[in-house]
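Just below is one structure, and these are the notes that go with it.
Laboratory data are not the source of any read-out in this text; all were calculated from the coordinates shown. Please read these numbers as outputs of a predicted model, since none were measured by experiment. Here the Cβ positions follow ideal geometry from the backbone for every residue, glycine too, while neighbour counts run over all protein chains shown.
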Amino acid sequence: MDMLQQILKGFQRILECSLHFLEKGMDFQEFEEKLWETTNGVGRLRVVLEARDEEIHREGDRNAFQVVRRKDQRTILTLFGDVTSRRTYYRKKDTWEYRYLLDDQIGFGKKKRIDPLLEALVLERATELSSQRAGRAILPQNQKLTVSPEVVKRDWSTT
């Protein structure tokens, strides 16, 4: 099943869950749990990132870049939790610069580990809460992951 079909099936499940809630009178907690299961994006984000990396590889400019390695892993922290995906490592032929073209496209620098949306939400919360509480407050309650106070302070000082 290709990426587009997987995305469409995900939207279909969200719609079915919402209609079931509206028409059948499912209690809110059950609806919320089913919606969370349906929209839990960790797996879907991984699939989308890996599919985009594959597209970059297929469409790549063979004259400009050479594949060094395939399937290197990277983990990023998102609103859905940690997402680990595989990506391709390239070398630019004329400059010998090494890079992950997927990272360039999604806006992640070499050391960046936090999704920009999550980062923005944490910084927004840091204006109301301590940096430690802001890092914990933004993720869903059932997540054990947090954004450390050091990351919040570092990112706050660069804005």
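Which far-off residues, 5 or more places away or on another chain, put their amide H under 5 Å from the one on residue 93, with H placed in the peptide plane?
Long-range HN contacts for residue 93: 65, 66.
When the chain is fully extended, how far beyond the present Cα-Cα distance does residue 33 get from residue 15, taking 0.36 nm per residue of separation?
5.0 nm
Put a dot 7 Å past each Cα toward the Cβ at residue 54 and residue 120; how far apart are the dots in nm?
Here the modelled spin labels are 3.0 nm apart.
From the Cα trace of segment 41-112, what convex hull volume per residue do you get, rounded to a whole Å³?
Taking only Cα atoms, segment 41-112 has a hull volume of 78 Å³ per residue.
Would you kindly state how much longer the chain becomes between residue 69 and residue 96 on full extension, computed as 0.36 nm times their sequence separation minus their alpha carbon distance, in nm to one decimal?
Full extension from residue 69 to residue 96 adds 8.3 nm.
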